[in-house]
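Taken together, the values in this text are just the output of simple stated rules run on the coordinates, not laboratory data. From a predicted model like this one, the values you see are computed outputs, not experimental measurements. Cβ sites come from the backbone with ideal geometry, for glycine too, and all protein chains shown count toward neighbours.
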Amino acid sequence: MATLPLGPPAAHPRRRLLLGAAATLALAGLSPPRARASAAPRIAHVMSFDSPWRWTDGQLEGFRESLALPAADIRVFQMDVKRHASDEAKTERGRLARAFIDDFRPQLLYCSDDDAQQHVARHYLGTALPLVFSGVNRDPQAHGFEGAPNVTGVLEREHVPETLRLLRELVPGLRRLTVLSDHGAYWDAVVGRVQEGAAAIPGLAPVQVVRTHHYAEYQQAILAAQPGAEGAERPAQADALLHLGILTLVDSAGRPVPYQTVQRWVVEHSQLPDASFWLDRIHHGTLASVTVSELAQGRAAGRLARAILVDGVAPASLPMRPTAQGQPTISLRRARALGLVVRSTQLLQSHIVRHYEWEPRS
């Protein structure tokens, strides 16, 4: 179901004027500086992806926590772009999300991840509706946010050097890294940041990048990188893999392949250590990551929303910044399957995942 009522209904608040950073805007539902707004504001939350999922649910959990308004009426629209992955489908999901927002008439719009910015948030730039975002990989200007008086938010920036150093601790001979991703537009910036971060690691060769829409080609790239590929005497093409976009790969009939299926196939067919940047990937078999915290992203967004709704702060006066918190995370199950030894110091300093998500628990 697209919309989920997650709080009690709220009465319509008085409309007040708030001075914007660049101009005076009538921002609906805001209080003047230092005056408290309603304890039960209406907030629309548009997820690029869907629930249940650690990444989306963690952002919303963190947002609620820092907003600290238990009576807030937060209603959710799930764009679900993992299953509605084509440009046409995303456009339609964006239209439906905007209809939901216009019908709900929220006092603040909270959008997570890039697709929600592209297909929803940008349509409200410069309006009377305050916008807060989180989980944004692209630069703010790519979504038209620079200079917009009614928007602020939290950028998602991967812990690239930290993740690669952790991977090298587990794989001391790491020199050649292959980066794999789908063609989602927001991965362009991430690939660039990975290349820049890898260049800062001494002894690491320039990364090889493979991008495809097709699951079969993703599989072929992984098999080609294995030790002994194309002949037992041939050196491996990669010492490790780095997985980015795996959410919109399609099969031969053009149907989306669930990312859980992609990750399980990698575990069952690859003998190469691998990394990514998100906790959920480790639970599904990726070896290591210094993860981007979804809770930290949501908490930072919640603090921004509270500053707007409760303290009367103009959105444009609140800087758009990334979160700094990262958590070293290792799949002990995957390390053992690859024959890697995890040192005691790594065990003590890291969050340890002991099972694959699909394995039954006793």
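The residue pairs whose first member lies in region 326-338 and is within 11 Å of Tyr356 (Cα to Cα), whose second member is hydroxyl-bearing (Ser, Thr, Tyr), and whose beta carbons are closer than 8 Å, counting only pairs six or more residues apart or on different chains, are Ser331/Thr286; Ser331/Tyr356; Arg333/Tyr356; Arg334/Thr286; Arg334/Tyr356. Based on what the data block shows, is Glu162 free of Cβ contacts under 8 Å to residues at least 40 places away in the same chain and either closer than 30 Å to Ser344 by Cβ or assigned to a helix (DSSP H, G or I) (or both)? When the stated conditions are applied, Glu162 does not pass them. Being surrounded by fewer than 20 Cβ atoms within 10 Å (Cβ to Cβ), within 23 Å of Pro328 (Cβ to Cβ) and free of Cβ contacts under 8 Å to residues at least 40 places away in the same chain holds for only one residue in Gly197, Gly228, Gly254, Gly192, and it is Gly197.
When residues in region 308-331 are screened for being in a strand (DSSP E or B) and surrounded by 22 or more Cβ atoms within 10 Å (Cβ to Cβ), 3 of them pass.
Do we find a residue being touching a Gly at 6+ places or on another chain (Cβ under 8 Å) and either touching a residue at least 24 places away in the same chain (Cβ under 8 Å) or in a helix (DSSP H, G or I) (or both) anywhere in region 77-84? Checking region 77-84: at least one residue is touching a Gly at 6+ places or on another chain (Cβ under 8 Å) and either touching a residue at least 24 places away in the same chain (Cβ under 8 Å) or in a helix (DSSP H, G or I) (or both). When you check Phe63 against the structure, is it closer than 20 Å to Ser293 by Cα and among the aromatic types (Phe, Trp, Tyr), yes or no? Judged against the criteria, Phe63 is a match. Applying the set (1) in contact (Cβ under 8 Å) with a residue 40 or more places away in the chain; (2) surrounded by fewer than 21 Cβ atoms within 10 Å (Cβ to Cβ); (3) in contact with a Lys or Arg (Cβ under 6 Å, 6 or more places away or on another chain) to Leu287 leaves exactly one unmet item: (2). With respect to the stated conditions, Leu295 fails to be of a type outside the set (Lys, Arg), within 18 Å of the chain's Cα centre (by Cα), farther than 19 Å from His159 by Cα and buried (at least 19 other Cβ atoms within 10 Å of the Cβ).
Of the residues making up region 125-144, those that are under 18 Å from Val190 (Cβ atoms) and buried (at least 21 other Cβ atoms within 10 Å of the Cβ) are Phe133, Ser134, Gly135, Val136, Asn137, His143.
Scanning region 235-278 for residues that are under 16 Å from the mean Cα position of the chain (by Cα), in a loop (DSSP other than H, G, I, E, B) and under 12 Å from Ile222 (Cβ atoms) yields a single hit, Ile246. Does region 264-276 contain any residue that is of a type in the set (Phe, Trp, Tyr) and in contact (Cβ under 8 Å) with a residue 60 or more places away in the chain? No, region 264-276 has no match at all.
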